[in-house]
Structure formats: structure tokens, C-alpha cells
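Participant: This structure is in C-alpha cells; I'll ask about it shortly.
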Amino acid sequence: LFSRLKRYQAYIVTHCNFFSLQHNAKVAVLGASGGIGQPLSLLLKNSPLVSELSLYDIAHTPGVAADLSHIETRATVTGYVGADQLGDALKGCEVVVIPAGVPRKPGMTRDDLFNTNATIVATLADACARHCPQAMICIISNPVNSTIPITSEVMKKHGVYNPNRVFGVTTLDIVRANTFVAELKGLDPARVNVPVVGGHAGKTIIPLISRCTPKVEFPADQLSALTGRIQEAGTEVVKAKAGAGSATLSMAYAGARFTFSLLDAMNGKEGVVECAFVRSEETECKYYSTPLLLGKNGIEKNLGLGKLSVFEEKLVAEAMDELKGSIKKGEDFVANMK
């Protein structure tokens, strides 16, 4: 009986440790009071994968944190406001999600956001480099094609850059592709998976419909229209909101989906694959979005472009110059920073 009791105690200790290890992530949201930040924080608060939620913004965060803290889930929520509290917000964080910045208005491209958002992202990346250099950094702030090079160059300046831990969140492109394909084919969108490669703006968004699971086929004109809709889906929302902002709720959902995948992989779950815009050797672009196998230390393996259709090969070739230009713009911004 005594030995059986000992075995049972050992079992309990092992498994309780496993679960406590599994569910003890401290996650920060930088830009937590904004249109994406608030619903994203709500979704993160609702997850058993998160034990501490650190919310930062330049205004209103104590109120957002107080509101979320009343929700009956275990994550503790703390709000930080203003530059002097940014360091405290980041201490001990394992994952930092950054939706901070200004949204698009009708007639604006993501690149029109560059001047404002580049400075915001550089400042926040600098704080991450100082206060949580080992954290996974997930950038939502547009233009992602430039803000990821900015984040990377800032981390390099501090000597803490790890390309396996810096992600441009392109998940909304995948979510949209899945939804639009499912609508056209009468499928359950939760069971559709379309890889989307390239970048995260206009024609740099390249959905690989030929690699969709389950397999789907479209006539050439419908495929072209579907691809165009996925590429311009953000603008569809900007127009529909008529000056009241850009995609916030669907972006919060996509940001949460990516964060949960990352946390699952960090907890040892195997076979977790998400597309993201990262440092890459897969094409002639320094940064590129492809399917990534995630693991305990971020990117475990870049799964690459894989087999493309002739139509998709053409899209990849046509996007190259724009993507290279956006990447260079981000790198130059950091090189010229005072």
C-alpha cells in the first residue's frame, strides 16, 4: 500500500508540474487600449494558456485591465500606461504581441501608415530588447512588410536578435482565405486550410489555393477573383467602416489564433504549423511568409514555399520587387534613426 501511495504521489507531482508548466505564460499586449488591442486582450484573458496578462498603452489601460480582471478565468491582468511604465509591463514576459499604431482610413495603403507606425514599433522593439530579450515578439502593426525588418534591426542593435523569435502576424490572410474558399464551396471554414505566403499587403499576399486542404478547384476567372478578394480584403473592411477604422475584430481573432499556436508549441505540443512573415532564406527576399513548424524556441523549421501552380509562381514573381522595397524601407528607417 505504501509503495502504491508513493507512486500515486509521484504521478500527481509529475502531472501537476506538467499542467503548471503548461499554463504559466506571461503575455504582454502593447497597444492594448486600441481597436485590435481590446478584443485581442479579451481573447487572451479567456485562454487557459495564459497565466498573466500585461496590458500596455499610452492611455486608458488601467480601465481596460480593471474591466478584464473581473472575468472568471485564471489569468491575472495588470494595466500599464505611459512610457515610464513600459519596462515594468515587459519584465518576465515570454510572448509580446504588438498591435500598437494607427489604423488605415479609406484611400490609405498600409504603406501610408509607415511614418507613424515605424516610430512606434521601433520604440516598443527597443523596450523589448532591453526588458525581455528572450521573448517571442509577434508584430501586428502595419505595414508588417516593413515593421518586421524594423523590429529585427532594432534587436540587432542591442545584440539580442533571434530570427526564430520574431514574427509578423499574417494569420488574418489565412483566416480570410479559409473563410472565402469555404463560402464558395459550401464547406465548414474551420476545416479549410489555405497556406498564404509572401507578405502582408496587397499583391504581396499570395494564397496557395492549389495547396488548400481539402483539395478545391476553381475555373481561372473565379480563382483570379478569389485571389484578388483575399489580397484586398483589408480594404473591403476599411471601406465598409467608412472612416471608422480598419479590421479590428477579425485581426484580434487572428492575432489570438497565432498566439495560442505559439504557446501550444512552447508548451511542447508537436506538429503546430502557422504561416508568418519572418527572416527567411526561402526566396531572394530577406523576409518572407511561409508555413513554419513552431516549437519550444519559436521557429523549429521553415517548411518553405513547396510546390506551386503556374498561376501561383507568377504571383510570387510579381510580388518580389514590392516586397524587397518594403523590407529595405524598414531597414533604412532603423539605419537612419538618431
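The values are calculated or read from the model by the stated rules, or taken from the named source; none is laboratory data. Since the model is a prediction, treat every value here as computed from it, not as a measurement. Here the Cβ is made from the backbone with ideal geometry for all residues, glycine too, and neighbour counts use every protein chain on show. Surface areas here come from the heavy atoms of the whole protein model, side chains and all, with no ligands, DNA or RNA. Shrake-Rupley method; radii C 1.70, N 1.55, O 1.52, S 1.80 Å.
Participant: Mean-square fluctuation check for the chain, GNM, Cα pairs under 10 Å: which of Gly159, Gly101, Gly228 is largest?
Facilitator: Sorting by GNM fluctuation, first place goes to Gly159.
Participant: Sorting Val334, Val175 by accessible area (1.4 Å probe), largest first, what list results? Intermediate results must be reported in sequence, preceding the final value.
Facilitator: Values: Val334 5, Val175 25 Å².
In descending accessible area the options line up as Val175, Val334.
Participant: Let me ask something additional. From the gyration tensor of the Cα coordinates in the stretch 25-169, what semi-axes in whole Å does the equivalent ellipsoid have, largest first, with each one equal to sqrt(5λ)?
Facilitator: Semi-axes from the Cα gyration tensor: 23, 18, 13 Å.
Participant: In addition: Which far-off residues, 5 or more places away or on another chain, put their amide H under 5 Å from the one on Val197, with H placed in the peptide plane?
Facilitator: HN-HN under 5 Å from Val197: Ile206, Leu208.
Participant: Here is a further query. From the phi of every residue in the stretch 114-123, what ³J(HN,Hα) in whole Hz does the Karplus formula 6.51 cos²θ - 1.76 cosθ + 1.60 yield, where θ is phi - 60° and glycine or proline is x?
Facilitator: Going residue by residue, I get 3, 4, 5, 6, 4, 5, 4, 5, 4, 5 Hz, with x marking Gly and Pro.
Participant: Give me log10 I(q)/I(0) at q = 0.18 Å⁻¹ for the stretch 115-165, Debye formula, one equal scatterer per alpha-carbon, no solvent.
Facilitator: -0.46
Participant: Given contacts defined as C-alpha pairs under 8 Å and at least six residues apart, what's the relative contact order of the stretch 41-136, whole-number percent?
Facilitator: This gives 25 percent for the stretch 41-136.
Participant: Also, quick follow-up: First measure r as the distance between the Cβ atoms of Asp332 and Glu72, then evaluate 1/(1 + (r/R0)^6) with R0 = 51 Å and state the FRET efficiency to the nearest 0.05.
Facilitator: About 0.60, to the nearest 0.05.
Participant: Give the span of the stretch 232-338's Cα atoms along each principal axis, as three whole-Å numbers ordered largest to smallest.
Facilitator: 44, 43, 33
Participant: Let me ask something additional. Under a Cβ-only charge scheme (Lys and Arg +1, Asp and Glu -1), can you give me the dipole magnitude of the stretch 25-169 about the Cα centre, in debye to the nearest 20?
Facilitator: The dipole of the stretch 25-169 has a size of about 260 debye.
Participant: How many angstrom lie between the Cα centre of the stretch 250-308 and the Cα centre of the stretch 160-209?
Facilitator: Value for the Cα centre distance between the two parts: 11 Å.
Participant: Can you divide the C-alpha Rg of the chain by 2.2 N^0.38 Å and report the result to two decimal places? Intermediate results must be reported in sequence, preceding the final value.
Facilitator: Working: Rg = 20.4 Å, N = 338, 2.2 N^0.38 = 20.1 Å.
Normalised Cα radius of gyration, the chain: 1.02.
Participant: Sorting His200, His60 by accessible area (1.4 Å probe), largest first, what list results? Display every interim value, and only then the final one.
Facilitator: Working: His200 5, His60 140 Å².
Sorted descending by solvent-accessible area, the residues read His60, His200.
Participant: Note down the magnitude of the dipole of the stretch 169-301 about its Cα centre, charges +1 on Lys and Arg C-beta and -1 on Asp and Glu C-beta and zero elsewhere, to the nearest 20 debye.
Facilitator: 180 debye
Participant: What Kirkwood hydrodynamic radius, in Å, does the stretch 121-237 give when the mean of 1/r is taken over all pairs of distinct Cα atoms and then inverted?
Facilitator: 15.6 Å
Participant: Here's another thing I want to ask about it. Can you find, among Cys285, Gly92, Asn142, the residue sitting farthest towards the positive end of the charge dipole of the chain, where Lys and Arg contribute +1 and Asp and Glu -1 at Cβ?
Facilitator: Sorting the options by dipole projection puts first Gly92.
Participant: Solvent-accessible area of Ser210, probe 1.4 Å, all protein chains present, reported in Å² to the nearest ten, please.
Facilitator: 50 Å²
Participant: Under 20 Å Cα to Cα from Lys45, which lysines show up? Leave out anything in the same chain fewer than 8 places away.
Facilitator: The qualifying lysines are Lys26, Lys91.
Participant: How about Lys314: which lysines have a C-alpha closer than 27 Å to its C-alpha, ignoring those fewer than 8 places off in the same chain?
Facilitator: Those lysines meeting the cut-off are Lys185, Lys203, Lys215, Lys286, Lys301, Lys324, Lys328, Lys329.
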